[in-house]
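Note sheet for the following structure.
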Ligand code: KIV
């Protein structure tokens, strides 16, 4: 098994202040980079908490990374709520954002508000995220007016990747970049507190980030956005599926996990586990009495 890389655990996180929307806006104003990561369960939430990130997204990428679906499209609201509630129980400080799954908000403002309310009431999310401009702008505004903070998501929007021609970078012509710009401005005007830019050219992201008042969190959008987001399983090397070009790996945990389980299996098969240090003892008199009692049972 390869040696575990030594990643320094932040030392200055004894009682960090909980992230709030005003603090997030302040970070943009001060030019302080915002760190966001996805999480899908209690341990990944605890890791994000301890590592001191600012924002945690229960992304519908969990459909693929933890639920085994081929895309984000099939995941249900119930499944997302279960993941989000588990993350909530592991999180204190970062702002928790729940991703509204495909088909749970597009049909009407009423549907969008009802789904967003479930993420807040049942899973304890602080905010929700939805994808695209167009009709999603109205849905975002409706949810904001219902009192729930909304994060927008433009560029490559995986829920509608088929309509975009596949999982490919967006905004690579002036016309498409202007469409991304119009959607972004409309989402800001609808009251979104922040936007995700996914897979758009760095130069487009740079111009738009400077133009927008709300924080922009990039994934595959270059270094000029106000913050970055990565998918937990991509950044730690846990996921076996396709990893996009923009997903930098900071660990190879999948290899370590396989090596760990394979070592366990090998030890069980050759009788090396459990060893004396893993077992409970019983007083010899008690053991003998038990054995005799067992014989008497017939
Ligand atoms: O679902 C997800 O993980 C996301 C991020 C890529 C922003 O939407």
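Report yes if some residue within the range 153-173 is closer than 19 Å to residue 219 by Cα, touching a strand residue (DSSP E or B) at 6+ places or on another chain (Cβ under 7 Å) and away from the ligand (no atom under 15 Å from the Cβ); otherwise report no. Yes, some residue in the range 153-173 is closer than 19 Å to residue 219 by Cα, touching a strand residue (DSSP E or B) at 6+ places or on another chain (Cβ under 7 Å) and away from the ligand (no atom under 15 Å from the Cβ). Within the range 66-81, being more than 10 Å from the ligand (Cβ to nearest atom) and assigned to a loop (DSSP other than H, G, I, E, B) holds for 66, 67, 68, 69, 70, 71, 73, 74, 76. Look at the range 273-287: where a residue is closer than 21 Å to residue 262 by Cα and a partner is assigned to a helix (DSSP H, G or I), sitting 6+ places away or on another chain with Cβ atoms under 7 Å, you get 273/264; 273/267. In the range 121-145, of all residues being away from the ligand (no atom under 12 Å from the Cβ) and closer than 17 Å to residue 36 by Cα, the one that is surrounded by the most Cβ atoms within 10 Å (Cβ to Cβ) corresponds to 125.
Answer yes or no as to whether residue 91 is under 15 Å from the mean Cα position of the chain (by Cα), touching a residue at least 60 places away in the same chain (Cβ under 8 Å) and over 17 Å from residue 142 (Cα atoms). Against the criterion (under 15 Å from the mean Cα position of the chain (by Cα), touching a residue at least 60 places away in the same chain (Cβ under 8 Å) and over 17 Å from residue 142 (Cα atoms)), residue 91 does not qualify.
Only one of the listed residues (185, 148) is in contact with a strand residue (DSSP E or B) (Cβ under 9 Å, 6 or more places away or on another chain), modelled with pLDDT of 95 or more and either over 29 Å from residue 242 (Cα atoms) or away from the ligand (no atom under 14 Å from the Cβ) (or both). That residue is 148. The set of residues in the range 14-35 being in a loop (DSSP other than H, G, I, E, B) and under 16 Å from residue 56 (Cα atoms) consists of 16, 17, 18, 19, 20, 33. Applying the criterion of being assigned to a helix (DSSP H, G or I) and in contact with a strand residue (DSSP E or B) (Cβ under 7 Å, 6 or more places away or on another chain) to the residues of the range 85-120, the residue that is surrounded by the most Cβ atoms within 10 Å (Cβ to Cβ) is 87. What number goes with the only condition from (1) within 16 Å of the ligand (Cβ to nearest atom); (2) touching a helix residue (DSSP H, G or I) at 6+ places or on another chain (Cβ under 6 Å); (3) assigned to a loop (DSSP other than H, G, I, E, B) that residue 273 does not pass? Here residue 273 clears every test but (1). Number of residues in the range 214-243 that are over 27 Å from residue 260 (Cβ atoms) and within 13 Å of the ligand (Cβ to nearest atom) equals 10. Looking across 63, 84, 51, one residue alone is modelled with pLDDT of 95 or more and away from the ligand (no atom under 14 Å from the Cβ). It is 51. When we screen 267, 284 for residues that are farther than 30 Å from residue 37 by Cα, surrounded by fewer than 10 Cβ atoms within 10 Å (Cβ to Cβ) and not assigned by TED's automatic domain parsing to the domain that holds residue 37, the only hit is 284.
The values are calculated or read from the model by the stated rules, or taken from the named source; none is laboratory data. Not measured: the values here are computed from a predicted model. Here the Cβ is made from the backbone with ideal geometry for all residues, glycine too, and neighbour counts use every protein chain on show.
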